[in-house]
1. Just to check your reading of the model, which residue among Q149, Q153, Q141 is within 15 Å of I25 (Cα to Cα), in contact with a Gly (Cβ under 8 Å, 6 or more places away or on another chain) and not β-branched (V, I, T)?
2. Using the structure shown, decide if G295 is crowded, with 19+ Cβ neighbours inside 10 Å, closer than 26 Å to R143 by Cβ and modelled with pLDDT of 80 or more.
3. Check off (1) at pLDDT 85 or above; (2) farther than 29 Å from L232 by Cα for Y64 and give me the number that stays unchecked.
4. When you check D38 against the structure, is it charged (D, E, K, R), open to solvent by less than 10 Å² (accessible area, probe 1.4 Å), modelled with pLDDT under 85 and over 17 Å from V321 (Cβ atoms), yes or no?
5. Give me the residue from the range 298-308 that is open to solvent by 30 Å² or more (accessible area, probe 1.4 Å) and touching a Gly at 6+ places or on another chain (Cβ under 7 Å) and, out of that set, modelled with the highest pLDDT.
6. Please verify whether Q118 is farther than 15 Å from T96 by Cα, polar (S, T, N, Q) and assigned to a helix (DSSP H, G or I), treating the condition exactly as stated.
7. Is it the case that the range 55-65 has a residue that's touching a residue at least 24 places away in the same chain (Cβ under 8 Å), aromatic (F, W, Y) and open to solvent by 10 Å² or more (accessible area, probe 1.4 Å)?
8. Going through the range 309-344 one residue at a time, which ones are of a type in the set (G, A, S), open to solvent by less than 20 Å² (accessible area, probe 1.4 Å) and within 17 Å of the chain's Cα centre (by Cα)?
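The values are calculated or read from the model by the stated rules, or taken from the named source; none is laboratory data. What you see is a predicted model; the values in this text were computed from it and never measured. Here the Cβ positions follow ideal geometry from the backbone for every residue, glycine too, while neighbour counts run over all protein chains shown. Each accessible area value is taken on the protein alone, full model and side chains, heavy atoms only, with ligands, DNA and RNA left out. Shrake-Rupley method; radii C 1.70, N 1.55, O 1.52, S 1.80 Å.
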Amino acid sequence: MNWFVTESPRPAWIARRSYAPWLVIATVCFGAFMGQLDASIVTLAFPAMGQHFAADPEWISLSYLITLVALLVPMGRIADRLGRKIVYIYGFAVFTGASIACVYAPSFDALIAARVAQAVGAAMLQANSVALVTTAVAPDQRRRALGVQAAAQATGLAAGPILGGYLTEHHGWQAVFAINVPIGVVAMIAGHYLLPRTKTKPEKAKPGWKVLPGLTGVLLTYAALFAPMTLLPFTMKQPLAHIGLTTAALPLGFAVAATMLHRPGIRTGALITATALIMPVPQVLQLVVAGIGLGIIAPACTKRVMSALPECSAGVGSGLVNVARGLGTALGVAVATALVHTFQ
């Protein structure tokens with residue numbers, strides 16, 4: 001049974017390619033895209049799911065986020081010891097199977113249980129994503145690589161509202177979970193062939209205080225992303241497809257900035273985001289500009305965290321970054337839903 005917890009190497013013809021590190025980044029982007037697609041696509045289906053089960057829909061998101069945040073650092077430690085590749089691939093398997101369970105959930109409790117299982121798989125993915133990126137490329141390429149990974153996340157966030165509105169309106173809320181299945185299958189195959197073995201020798205290394213500013217920046221960035229994305233479906237009085245397009249403007253700006261703007265720093269990103277809030281322009285343009293500011297901040301903060309840790313603790317660092325993302329997401333969802341309940 002040793003094969004069950006042993007990482008397989010990449011084929012030699014892939015490993016010796018000069019672009020092999022970027023194949024690792026591309027594979028990680030599957031998980032980054034799928035995780036954020038799932039997080040954002042369900043926001044458009046909240047009203048439909050709440051009506052179907054006659055229950056408070058915010059727990060569909062919060063049960064997932066609470067479980068995810070609780071498991072990220074432990075999964076990072078496990079991956080540092082067993083190997084990031086094998087934990088990452090099994091994460092896809094768990095997440096995909098749990099997505100199928102969400103589709104066929106017969107009750108609200110069953111749906112919550114399936115969402116918790118999804119979160120376990122997502123923790124296995126997200127606890128490794130940043131570590132796989134930072135250890136695959138040279139230090140001078142890390143900001144760019146982290147930007148690509150953040151852009152994949154933002155693309156998932158942008159696609160979520162658009163697909164969520166369309167799928168819910170035409171195929172029912174179950175479709176927002178079914179879409180994860182083909183992505184997960186492709187990602188498992190890609191992970192097997194394109195990810196290198198990543199097990200490192202354990203060393204005693206603990207994250208120091210130098211990571212805290214970066215983690216705080218990540219938390220606030222994702223709170224700012226998810227609060228409006230959760231709020232808009234409840235406040236806009238247009239068809240779901242139109243709401244989805246409007247909501248997608250925020251992560252779309254994020255994706256553009258994370259991919260293309262590698263030089264501006266955290267202060268510049270914060271200034272752009274703050275300026276967007278007072279711009280006398282249509283809401284869609286405000287959201288795009290705010291997303292650009294946030295897309296500058298997130299990769300810069302992530303790089304700051306990972307640069308403060310040794311490679312042997314990259315899994316823990318990746319887990320901490322994603323804890324901050326998860327807490328920020330939960331904070332954004334909680335604030336938005338509180339506003340909805342307050343003003344309804």
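1. Result of the check over Q149, Q153, Q141: Q153.
2. yes
3. (2)
4. When the stated conditions are applied, D38 passes them.
5. Checked the range 298-308; the qualifying residue modelled with the highest pLDDT is R304.
6. Judged against the criteria, Q118 is not a match.
7. yes
8. G315, G317, S318, G319, A324, G326, G328, G332
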